[in-house]
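Quick note: the coordinates plus some simple rules give every number you see, no bench work behind them. Predicted model, so just to flag it, every value in this text is computed and none were measured. Here the Cβ positions follow ideal geometry from the backbone for every residue, glycine too, while neighbour counts run over all protein chains shown.
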Amino acid sequence: MATKREITVIVNGQQYHSQVEPRMLLVHYLRDELDLTGTHIGCDTSQCGACTVLLNGESVKACTVLAVQADGSEVTTIEGLAPEGSLHPIQEGFWEKHGLQCGFCTPGMIMASYQILKDNPNPTEAEIRKGLEGNICRCTGYQNIVRAVQYAAEQMRTAAAAPVGAGE
Amino acid sequence: MGVAAILGAPIKRREDPRLITGQATYVDDIKLYGMLHMAVLRSPYGHARINSINTEAARKHPGVVAVFTAEDLKGAVGPVACAVPLGKITEGMGIRQPLAEDKVRFYGDPVAVVIADDRYTARDARDLIEVDYAPLPAAIDVEKAIEEGAPLLYEQFGTNVALSVKPPTDDIDKVFEQTKADGGVVVKGRLINQRLAPTAVETRGVIADFNKGSRSLTLWSSSQIPHILRNVLAATVGLPQHQVRVIVPEVGGGFGSKLNIYPEELVAAYASMKIGRPVKWIEDRSEALAATIHGRDQVDYFEISATKEGKVTGLKVYAILDMGSYCQLFTDTMVLAFMFPVICGAYDIPALYTSTDMVFTNKVPTDAYRGAGRPEATFLIERAIDLVARELGKDPTEVRRLNFIKPEQFPYKSASGNVYDSGNYEAALDKALALADYQNMRAEQAQKRAEGKLVGIGVSTYIESCAIGPKGFAPVGLYESARMRVEQSGTVMVYSGSSPHGQGGETTFAQIVAEEFGIPIENIMVLHGDTDSTPEGRNTYGSRTTAVGGSAVYTAAQRLKEKMKQISSHMLEASASDVTMEDGKFFVAGSPQKSVTFAEVAATANLSNTLAPGIEPGLETTAFWEPEALTYPFGTHICLVEVDKDTGVAEIKRYVAVDDCGRQINPMLVEGQIHGGIAQGIGQAMIEGVVYDDDGQLLTATLTDYAMPIASELPSFETGSTVTPSPINPLGVKGVGEAGTIGSTPAVANAVADALGVEDVEMPFTSERLWKVIHQK
């Protein structure tokens, strides 16, 4: 077994110092070491996207990042997307539009949707579908996920257009 | 909102807040003190004799607690359950032990397990196990596996065929001869319903925790069937039933793949019983594709006869079922119990002949995958009807219309012997045609064809049977159950024997209760999946949860309502028979001004020390509900496809679906089920397929190779519904979990055949395959 390495990571705003094996995947670090089990694992080959998190604000598949690669970075998981007790507009959208059934792909879908809307606040249906290509859902047929992202986009645009302070 | 309007309302799901915030608990999210991890060593061969297994290096690896092989399990665990053994399976053919003994029979067959401190170590040590195999020729092609001289999985039986049912054909032959003599047609075909991997995004997973002091076993499993699993597990590991508890936490999809008792569940239980510590096993995706049950996999031959007007006179079917290597829970039932009963589809077909061979091959066992036999039946009859229309030069919708069972014929006894509950097939067809603007669609198709484009329209007017099951359907009763408690505060606990895993049962069941009691849905908690708290149930599969489980919930509510009427009658100083209930209030019929509320009656029932004589305190009941018959959902799906001549790429341009699942408890969830079902059915038609090479190597062992639909490959579905209530249950519901999958595959296949102007194209419709058809390579 290889010598453990020390890493420092900020996850959902909280700083962690950990000793990890160099081969440990970021997704296993989040789940098994930090007990943040909202990030899921659905494949071994980075197809399904269930493990999508934000690494320094950009979406990544946490099964293709080693924990040691995240040293010195900020990670946001589904648990940290919205302040405690509130929902992010994307989370609201998934609830409103029945964008989930079994819920297993959902945290990854929500984090991937975050990236879509960050890059393009007003995406077309085709752009949303293209943006979700790295995430597999076996339950919904994607149609209500598209509706959820459209709902969130509208909410976020409305909030952004509101006078400063009014959106809080 | 008036609470009375809650049944039938598209309300948001009560499950969702925990799921969208990462607060749900799936099996892999559970950590127990002292928990060990299991890794499974699997066969790298499709068929091989095991000469020896050397586990010494693995045992010595730091962090390893134990290594087990079939030798250790002998006499302690097994075999793996088969619910309804048929043919030679009753003599032991295809019955598997949890770990392979002597021979491995498919790529992925479990051979040994390592139990270690953590999952990385368990895998490291697994790689240190040395197995000496003598590879054997494999039986892969199901039709070749039937032939004399094929490699045999079970040599002692001298064949790979577990059951062959081939009655004399005289009667159907006469029908065909007569039809031809009368100027009609007989059309024949061979259809391949390819092997699919169910692929729930959450793989299987299990934690077994045995307490050596109390000799009790708790098993958490990502399963659709907590009670069945508990009962079978107890028998298989040799524990009294009451010392085994199964907990099904959040489950990330099933689609039939978790409707089984798997070797890993048994071995994890055995390991925990031996070691006395919790043992966790989480399947990885390659294992899921290699060792979780597959679905479909049939080669089907048919002949169908029709008058020159298009009225079908007879149908003859020969189905070859590829069961894979072993009989799992329902492997051998797919054709006889689920396919043939609905083989006549929505059509009034006077003469039917069915025959089958059920065959073992060196592949993963097949079993129930979303639809289970009914997609195969529907694919066959819907393709057959299209071929009749093609032969006669008629529009496929006209031939369908001519053959539909008419509304006044219900209850209708099919030539298969099954009795259909209710239906109005023409209404669904008409609604779909209107939604699609079918005539215009055909006109545009003609125009595009004139421009040289390959455009096809496919129609499927499917039926299916669900809500299993009635008395006599299976060797054991397939009832469902609900325990219900009205608490002193007026809140309600519902413990369901069903085990929903994504369908939204916590919401729909609460809607049923809210409607019955006239109380806010927030006051109702629905729990399921823990065999210690829920009454014995038959769990969730076969589109049965709302129809059967919902009816149990409804029945429990009725019983408590009756008792509450009694109690309230004393509070109102009236006779119980005069008391009625509306909007959560009890009052004497005609005098609503003097009433007591649901909460007041609940408080009285639970707290009063002056209840009337003969009235038992408390408000709790357990209801079991068993249907008298199956329900038959139906609908019409229309698919518009365009195939690129140069590349062979097929694109679904429009997809219209009108489905009738009886009364809808929550239309939003119904639509969601239809969407997801259609996506899976399109997946089979367009891109999915498990592939083995001739030696039994699995070529689709990761999601890189096993293609599933992604968002950009699917259109937005245009959906509608008709409502024909079922007379079978008090809710009037039929079931909707599988309908979309059953209806969609043939619609796409008919569209692609129409686009290419050919009789048949084998699924999946990959660009390579279609290009070859177009260019006749």
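Okay, here's what the table says:
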| quantity | calculated |
| --- | --- |
| Equivalent ellipsoid semi-axes, the stretch A:1-86, via Cα gyration tensor eigenvalues times 5, rooted, Å | 19, 16, 11 |
| DSSP bridge orientation in chain B - percent antiparallel, rounded to nearest 5 | 80 |
| Prolate/oblate/rounded call for the stretch B:479-625, Cα gyration tensor, a/c under 1.5 rounded | prolate |
| The stretch B:413-560 shape via C-alpha gyration tensor axes, a/c threshold 1.5 | prolate |
| Per-residue mean of C-beta atoms belonging to partner chains within 10 Å, peptide A:42-54 | 5 |
| Most to least packed among A:83-92, B:220-229 [average Cβ atoms within 10 Å] | B:220-229, A:83-92 |
| Proximal charge balance of B:Leu163 [Cβ under 9 Å; K/R count +1, D/E count -1] | -1 |
| Peptides B:24-37, B:146-159 ordered by average Cβ neighbours within 10 Å, highest first | B:24-37, B:146-159 |
| Share of pairwise Cα separations in the protein assembly as shown, more than 46 Å, in percent | 28 |
| For the stretch B:559-593 versus the stretch A:19-47, the gap between their alpha-carbon centres in whole angstrom | 57 |
| Part-to-part distance (alpha-carbon centres) for the stretch B:56-99 and the stretch B:5-31, which is given in Å | 36 |
| Along principal axes, Cα extents of the stretch A:50-102, largest first, whole Å | 37, 23, 15 |
| The stretch B:78-125 - charge dipole about Cα centre, Lys and Arg +1 at Cβ, Asp and Glu -1, debye rounded to 20 | 240 |
| Calculated over the stretch A:89-161: convex hull of Cα atoms, volume per residue (Å³) | 70 |
| Scaled radius of gyration (Cα, divided by 2.2 N^0.38 Å) that the stretch B:622-680 gives | 1.69 |
| 10 Å Cβ neighbours from other chains, averaged over peptide B:700-707 | 3 |
| If the convex hull is drawn through the Cα atoms of chain A, its volume per residue in Å³ | 116 |
| Cysteines, chain B, no other Cys beta-carbon under 4.7 Å | B:Cys344, B:Cys466, B:Cys639, B:Cys661 |
| Pairwise centroid distance, computed over Cα atoms, of the stretch B:451-488 with the stretch B:703-777, Å | 17 |
| Structure-based [θ]222 nm, the protein assembly as shown - -39500 (n - 2.57) summed over DSSP H runs of at least 4, per residue, nearest 500 | -8500 deg cm²/dmol |
| Cα-based Rg / Dmax (Å) for chain B | 27.6, 87 |
